[in-house]
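Remarks on the structure that follows.
The values are calculated or read from the model by the stated rules, or taken from the named source; none is laboratory data. Everything numeric here is computed off the predicted structure, so don't read it as measured data. Note: ideal-geometry Cβ built from the backbone for every residue, glycine included; neighbour counts use all protein chains shown.
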Amino acid sequence: MTENQPNMEPNTMSGPMTAFIEEAYQDTLSLMTELRDFLAEVQAAPEDPNADRPPDVRARIVKEISSITRNLTEAMAWLLLQKAAGAGEITPEEAETRADGLLAQVDADRIAAADGAELPLEIRGYMDRSRRLYDQVLSLREMVSKQTG
C-alpha cells in the first residue's frame, strides 16, 4: 500500500457483490432518468394526454408515478450507502444502520399487487421495471445484511 492509497479494510462489498450493487445502481439511475424524461415530455405536451381518461384513472396515474418515484429514490439511497461502504467511506455496519427504514417489504408487496390494466402502456412499463428493480435491490439488501451479520 502506498501513501496515497486509503487504508481499505476488507468489507462486504468486494468482488461479485460490488458488481451487483453497481449494476443495480446503473439500472436504477437509468430508469429514474427515463421516468424524468417521460414526465418532462408529458408536461411539455400542448394537451394533457390523459385528459380523455376517467378521473379515477388519472388519479391512479399520479399515484403510481409517485409510488415509482418514491421506491426508486429509496432503492437509490440504499445503493449509494452500499457504494460508500464499498469505497471505504463508511463501514458496512454504518451503511446498514443508515439504511434502516429503506426498502420496506410492504412497498414491494404493494407494487407487485398493483393491477394497471387501465393505465397507459408507458406507466405499466415503468411499474413493471421498477418492481423488478425494487425486488432485485431487496434481494441485494438481504445478501448484504447476511454478510454484515
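One table, with the values for the structure above:
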item	result
Extreme residue, surrounded by the fewest Cβ atoms within 10 Å (Cβ to Cβ), among residues of the stretch 117-149 that are out of contact with any Phe, Trp or Tyr (no Cβ under 7 Å at 6 or more places or on another chain), of a type in the set (A, V, I, L, M, F, W, C) and assigned to a helix (DSSP H, G or I)	L121
Residues (outside any helix (DSSP H, G or I) and either more than 24 Å from E34 (Cβ to Cβ) or of a type in the set (F, W, Y) (or both)) located in the stretch 52-103	D52, P54, A87, G88, E89, I90, T91, A99, D100, G101
Cβ-Cβ under 8 Å pairs, at least 6 apart or on other chains, the stretch 121-145 side under 14 Å from A104 (Cβ atoms) and touching a residue at least 40 places away in the same chain (Cβ under 8 Å), far side part of a helix (DSSP H, G or I) and among the basic types (K, R)	none
When residues of the stretch 27-80 are limited to those that are acidic (D, E) and at pLDDT 95 or above, the one surrounded by the fewest Cβ atoms within 10 Å (Cβ to Cβ)	D37
Set L35, L80, L102: member being more than 20 Å from E142 (Cα to Cα) and among the hydrophobic types (A, V, I, L, M, F, W, C)	L35
Matching residues in the stretch 81-129 - criterion: being at pLDDT 90 or above, over 20 Å from R58 (Cα atoms) and among the hydroxyl-bearing types (S, T, Y)	T91
Counted residues, the stretch 81-108 - those being surrounded by fewer than 16 Cβ atoms within 10 Å (Cβ to Cβ), closer than 25 Å to R132 by Cβ and hydrophobic (A, V, I, L, M, F, W, C)	2
Pairs, first under 22 Å from S130 (Cβ atoms) in the stretch 31-56, second among the basic types (K, R), C-beta under 7 Å, six or more apart	L31/R129; N50/R58
Scan of the stretch 126-149 for residues that are in contact with a Leu (Cβ under 6 Å, 6 or more places away or on another chain) and of a type in the set (K, R), ordered by number	R129, R141
